[in-house]
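Colleague: Here you go, one structure.
The values are calculated or read from the model by the stated rules, or taken from the named source; none is laboratory data. Values in this document were obtained by computation on a predicted structure and should not be read as measured data. Cβ atoms come from the backbone with ideal geometry, glycine included; neighbour counts cover every protein chain shown.
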Amino acid sequence: MKRIQFSLTVSEGKWLIAYAVSMMEGVQNALKNGKIIFKGGTTVSCAAELLLGTPLRICGRISKRGAVSSEIRSGSAHSLLYSQGKIINIDEDYEDRILEMGDGDVVITGANIIDAYGNAAMLAGSPGGNRCGRGMSAMAVEGTQVIVAAGLEKLIPGCVSESIKMSRRKGVDHSRGMACGLFPVVGDVITELEAIRKISDVEAVLIGKGGVFGGEGGCLFQIWGTNAEVERLEHVLELCYGKGISGSAESLTECHFPCAGCGEHLSCCYKRG
């Protein structure tokens, strides 16, 4: 029996989740015989890098300035479809592509909040959550496996459904960045804890959260198992340590007034000076 403790920054945790997702049987089967949609976000971008060698365009994000978007709308894909060896940008027809998915196919998406009951939701700062938001309901009804890749920094103390009911995009008097509502995301939530258990046959507990000097939002874990299984996990951890944010380079610069998305972003204090 071997027992270790280790910490992960938020970015390192995203990469660990991505490695676990890339190893999942359903994902591997879809790579060979079906289709996979990668719905943009920094954690999903890690998975796209690992599986396809292609980072995604990052749109909305929460920075120290609030809920902001990218400075420019580049030509790189926010959402990708992988099918029969082809990588296709589906930003313009996301809803239609979702409806083409079925049994044996996989959608990998992220979330902005998760709760202890396995529920998840995503922020929407654009009308209706744009094409991706409007396509979310189709993900839940077409028989496609939906994987929600979301780190433990997204875990809230309450219930996701309450946050969805109380949030709104319109009618907000003042917002640091764009005002956002929430829509539900239904699927199998994979956090760092689930990722650890999928990578190796070990027991794992979370024993610390938070940090300073770059460790803000990070997690401290303790795991134990046979020497071989712990070493299997340690090999993947070494691939994650020191890794930064994933996303196409031009999309990582956040918006400042005026920007391409200002017309859709409501209540933003930066537009008022």
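Colleague: Checking the condition touching a strand residue (DSSP E or B) at 6+ places or on another chain (Cβ under 7 Å) and either surrounded by 22 or more Cβ atoms within 10 Å (Cβ to Cβ) or in contact (Cβ under 8 Å) with a residue 24 or more places away in the chain (or both), which residue from Glu71, Glu49 passes? Quick ask: steps written out before the conclusion?
Modeller: Numbers: Glu49 fails: touching a strand residue (DSSP E or B) at 6+ places or on another chain (Cβ under 7 Å).
After ruling out the rest, the residue left standing is Glu71.
Table: residues versus (1) among the aliphatic types (A, V, I, L, M); (2) under 16 Å from Leu8 (Cα atoms); (3) crowded, with 17+ Cβ neighbours inside 10 Å; (4) at pLDDT 95 or above.
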{"residue": "Gly151", "(1), (2), (3), (4)": "no, yes, yes, yes"}
{"residue": "Gly158", "(1), (2), (3), (4)": "no, no, no, no"}
{"residue": "Ser167", "(1), (2), (3), (4)": "no, no, yes, yes"}
{"residue": "Ile190", "(1), (2), (3), (4)": "yes, yes, yes, yes"}
{"residue": "Ser200", "(1), (2), (3), (4)": "no, no, yes, yes"}
{"residue": "Leu206", "(1), (2), (3), (4)": "yes, yes, no, yes"}
{"residue": "Phe213", "(1), (2), (3), (4)": "no, yes, no, no"}
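Colleague: So, restricting to helices (runs of 4 or more DSSP H) that lie completely within the range 155-273, which ones have at least 3 residues that are in contact (Cβ under 8 Å) with a residue 60 or more places away in the chain?
Modeller: 192-199, 227-240
Colleague: Same structure, new question: Among the residues of the range 52-68, count how many are more than 25 Å from Cys268 (Cβ to Cβ) and either crowded, with 22+ Cβ neighbours inside 10 Å or under 13 Å from the mean Cα position of the chain (by Cα) (or both).
Modeller: Looking only at the range 52-68, we keep the residues that are more than 25 Å from Cys268 (Cβ to Cβ), and these are 52-55.
Imposing the further condition that a residue be either crowded, with 22+ Cβ neighbours inside 10 Å or under 13 Å from the mean Cα position of the chain (by Cα) (or both) reduces the set to 55.
Here the count works out to 1.
Colleague: Which residues, taken from the range 219-273, are of a type outside the set (Ser, Thr, Tyr), within 16 Å of Ser63 (Cα to Cα) and touching a Leu at 6+ places or on another chain (Cβ under 8 Å)?
Modeller: If the condition is that a residue be of a type outside the set (Ser, Thr, Tyr), within 16 Å of Ser63 (Cα to Cα) and touching a Leu at 6+ places or on another chain (Cβ under 8 Å), then Ile245, Gly247 are the ones that fit.
Colleague: So Ala260 fits all but one of (1) over 21 Å from Gly181 (Cα atoms); (2) loosely packed, with under 15 Cβ neighbours inside 10 Å; (3) among the small types (Gly, Ala, Ser); what number is the exception?
Modeller: It is condition (1) that Ala260 fails.
Colleague: Here are the criteria: (1) buried (at least 17 other Cβ atoms within 10 Å of the Cβ); (2) within 20 Å of Thr42 (Cα to Cα). Tell me which single one Phe221 does not satisfy.
Modeller: With (1) buried (at least 17 other Cβ atoms within 10 Å of the Cβ); (2) within 20 Å of Thr42 (Cα to Cα) applied to Phe221, the lone miss is (2).
Colleague: Pairs only if they're at least six apart or on different chains, beta carbon under 6 angstrom, first in the range 88-103 and part of a loop (DSSP other than H, G, I, E, B), second surrounded by fewer than 16 Cβ atoms within 10 Å (Cβ to Cβ); list them, first residue then second.
Modeller: Gly102/Gly143; Asp103/Gly143
Colleague: For the range 2-63, give me every one of the strands (runs of 3 or more DSSP E) that falls completely inside it and has 2 or more residues that are on the phi < 0 side of the Ramachandran plot and modelled with pLDDT of 95 or more.
Modeller: Values: elements: 2-8, 35-39, 61-63.
In the range 2-63, 2-8, 35-39 are the strands (runs of 3 or more DSSP E) which contain 2 or more residues that are on the phi < 0 side of the Ramachandran plot and modelled with pLDDT of 95 or more.
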